[in-house]
Amino acid sequence: MASLQSQNLFLKPVVIKSTRANLNFPSNIPKAGHVSIPNTATIAQKMSSNVVDGSGAYVRHLYAAAEAAADRAEMHAIIGQQRDNWNHLLLSSINSMNLSAVVMAGVCAARPEQFLAFKVSAALLYAAAAAMMAAVNTVQPSQLAEEQRSAVRLFRQLERSVYTELAVGDPPEEDDVKEAIARVLALDRAYPLSLMPGMLDKFPKKVEPTTWWPRINRRREKQLETATGEAAGANGWSKELEEEMKGVLQVLRKKDEEQYITVGKLALGVSRALAALGPWPGLVAAVGGALAAVTNAAEHGGQVGMLFELFRNLAGYYRQLEEAIEANLAERDAARRDNGELFETQMALRLGRSPTELKEFAAHVRTAKETSSSSLLSSSSPPPPRGEEEEGNGGGEEFAGKLF
């Protein structure tokens, strides 16, 4: 009986009572038709406005700026590769068309019975090659590719600088977020992704350094003389360091930047002449077609447009250093400047020098300037030779930058 009772106990069906969960849904959920998704412009406006409190929100915004910079770098890398392919493919295609037309024009003279067929074929090839050369000379694919390469480097540099600031810098503030966003937008303006419209002018009337950073709205020129020395001895700055930076600034303006502006003008003149000459020789028989192929190879094979963009970017590199020095020297409050010792090290490395070499160079510039000033004030001494006068105004034949 006990075994039977135990069996009945185990075989007795178990009744599970179902329970119904009482789930209370909020009644204020908007319907699907009333959900509004903010667009990119709205998000950027909210990020750049003062709508957040606390460093945690600012950190998230800086990460968003870094992610935007990384995404831009990838886009520019892809488009740069595409435009570099354009340069190579169009160069070889146009030269092949021109040389084929040259051969056909020569055959016209050797085979009079097939004169019409070869003449029409040569004329079509010449016309197509001339049209393609005119389009290529307008957009300058080699220059477009160089723009994208520069944009990739600068966007990646911006991304790294944001991560470095978050890792070792002070807790971010609203101004840090606005500066990061402004730097992204300044790069967008300096190196546009679109080809038409929005493409940079390939033949500007005036050659100026490329500006890919937000311009600082300060009256620096008037503040440099009055601000120098007021912040000495604080935040790593001293009177000697300020004088050193002023000497470097003087040479950067008069020599380094001016050097690349000059060679940039030369490259622009060559590019403009080749672009104007390129399409037309191909329309004049066999000799003209050969000359058109040579002109096209010299302009786009030699990548003259890329050289012009490179020189303009190098001038912008030194212009950025100049504005960084000006901004720090014009700031009267030492606490708001960059740390003086760190700034000197960064400036020396960006100029391809060690901090010791930079100090020696600035001392040389200062000595040369004082010597030139004293010789000019002395009425009994003759005017200084041309070489010495230039040395007093810019540090002799030596440039501030040794990197390029």
Can you find a residue that is exposed (fewer than 14 other Cβ atoms within 10 Å of the Cβ), under 24 Å from Gly288 (Cα atoms) and among the aromatic types (Phe, Trp, Tyr) anywhere in the stretch 121-135? no
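Consider Leu89 carefully, then state whether it is closer than 23 Å to Val139 by Cβ, out of contact with any Ser or Thr (no Cβ under 7 Å at 6 or more places or on another chain) and either assigned by the TED database to the domain that holds Ser150 or not in a helix (DSSP H, G or I) (or both).
yes
Scan the stretch 235-263 for residues that are in contact with a Lys or Arg (Cβ under 7 Å, 6 or more places away or on another chain) and either open to solvent by 40 Å² or more (accessible area, probe 1.4 Å) or without any contact (Cβ under 8 Å) to a residue 40 or more places away in the chain (or both) and jot them down.
Asn235, Glu243
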Take Ala117 and tell me if it is in contact with a Gly (Cβ under 6 Å, 6 or more places away or on another chain) and modelled with pLDDT under 90. no
From Gln303, Gln346, Gln320, residue being touching a Phe, Trp or Tyr at 6+ places or on another chain (Cβ under 7 Å) and closer than 25 Å to Arg153 by Cβ: Gln320
Considering only residues of the stretch 312-366 that are open to solvent by 60 Å² or more (accessible area, probe 1.4 Å) and over 28 Å from Glu173 (Cβ atoms), which is modelled with the lowest pLDDT? Arg366
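The values are calculated or read from the model by the stated rules, or taken from the named source; none is laboratory data. What you see is a predicted model; the values in this text were computed from it and never measured. When we count neighbours, we look across all protein chains shown, and the Cβ atoms used for this are built from the backbone with ideal geometry, even at glycine. Accessible surface areas use protein heavy atoms only, side chains included; no ligands, DNA or RNA. Shrake-Rupley method; radii C 1.70, N 1.55, O 1.52, S 1.80 Å.
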